[in-house]
Amino acid sequence: MTSQQEHGTELGRFLRARRAQVTPAEAGLTAGTGRRRTPGLRREELATLAGISVDYYVRLERGKENRPSPSVIDALARALLLEDEEHDHLRSLAALAARTASEPPPTPSRTVRPGVKLLLESLRPNPAHVVSRTFDLLAHNPAGLRLLPGIEDWPARQRNTARYSFLHPAAREVFDDWENSLRGCVARLRAVAGTDPDAPDLAQLVGELLLKSPEFARLWERYDVRGRAYGHKTYHHPEVGTLTLGYQSMQLEGTPGQRLVTYYAEPGTPEHDAIVLLDMTAHEQSYNRTVQTTTPSAHSQGTRPNGGSPFTS
């Protein structure tokens, strides 16, 4: 199968997944008699709602038609009741399907600019970290790591917030709304898969999660692409107790999809006191680990070992 056919199939996967989630009643159709074999709209129903032929829609869904016009895409988006973000994703899939085959893209760089690391330091005590487009944890300030208890026990190259959410035994207890956190992770990964399906960093992570997590496999099939860039999250943290924090995710311009995610609380609140404590204890533990790995000669000379940087990359 050619790369272009695979891209066309990705468009088909999205159409099938969204079609299955729209009921006839939601689409304004009168429910007919007899048992329906599909959970959502039939192909012919969607084609009629979009004003296109059934044969054309079937070829589009199966990847045999890869150049749908903007008007067809817009009509399908209306018929599928897509939100703006989902509509944009459908446009991106259509554009991708029309491209010629190309070489597989390289793995995006994991390098975080020094200025961004300084920004992470300036945000203390607010927890903050930088993640890749596939949720690799690339850099963090002290509380930005400790907010996810247990992730520091993983090797730096394995630290990934999506992997943590689905596979770490602590995650289900830490996140107050674990299911919603999972949906947000999958939606962002699905968005990457739609526009860059051959990406090696994505394929490796998705393959691992499909194999190890039934929850991921179930949500992956839904093909949701709407994520939240801001809001509030509640954590049940083993060190500082239960706290609800605001969060904001920001795309870092000039990077291969890196995002800065920061959490915050109003000064003077118990939540703010908790993140101050989290920042202090995380920094102290980082310093103590550095002291323990200092060579004996440094201690024998009475010199204070270098505390090092709280950042990783």
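The values are calculated or read from the model by the stated rules, or taken from the named source; none is laboratory data. As the structure is a computational prediction, the values presented were derived from the model and not from experiment. These area figures cover heavy atoms from the full protein model, side chains too; ligands, DNA and RNA do not enter into them. Shrake-Rupley method; radii C 1.70, N 1.55, O 1.52, S 1.80 Å.
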Cross-link reach from Lys64 to aspartates and glutamates, straight Cα distance under 13 Å and at least 8 residues apart if same chain, gives Glu6, Glu10, Asp55
Carbon/sulfur accessible area of the range 125-222, % of total, 1.4 Å probe, equals 50
Going residue by residue through the range 159-175, the Karplus relation 6.51 cos²θ - 1.76 cosθ + 1.60 with θ = phi - 60° gives ³J(HN,Hα) values, rounded to whole Hz and with x marking Gly or Pro, of 6, 8, 5, 6, 4, 4, 4, 8, 10, 6, x, 7, 4, 4, 8, 6, 7
At the level of C-alpha centres, the distance separating the range 123-149 and the range 152-209, in angstrom, is 14
accessible surface per residue for the range 123-250, probe 1.4 Å, DNA/RNA/ligands not counted, whole Å² -> 40
Over all viewing directions the Cα convex hull of the range 11-60 casts an average projected area in nm² of 3.5
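With 15 Å as the cut-off, how large is the P(r) tail for the range 79-165, expressed as percent of Cα-Cα pairs?
Values: 2604 of 3741 pairs.
When all Cα pairs of the range 79-165 are counted, 70 percent exceed 15 Å.
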Spelling it out for His237: with amide H atoms placed in the peptide plane at 1.01 Å from N, the residues 5 or more places away or on another chain with amide H under 5 Å from its amide H are Thr242, Leu243
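Work out, in µm²/s and without decimals, the Stokes-Einstein translational diffusion coefficient of the range 60-210 at 20 °C, 1.002 mPa s, Rh from Kirkwood over C-alpha pairs.
After rounding, the answer is 120 µm²/s.
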Quick numbers on the range 187-251, Rg and Dmax over C-alpha atoms in Å, give 14.9, 42
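Expressed in nm to one decimal, what extension gain is obtained for the pair Thr234 and Arg157 from 0.36 nm per residue of sequence separation less their Cα-Cα distance? Numbers along the way, then the final one.
Working: separation 77, 0.36 × 77 = 27.72 nm, distance 2.67 nm.
Length gained between Thr234 and Arg157: 25.0 nm.
Kirkwood hydrodynamic radius (Cα pairs, Å) of the range 158-288? Walk me through the numbers before you get to the answer.
Numbers: mean 1/r = 0.0610 Å⁻¹.
Answer for the range 158-288: a Kirkwood hydrodynamic radius of 16.4 Å.
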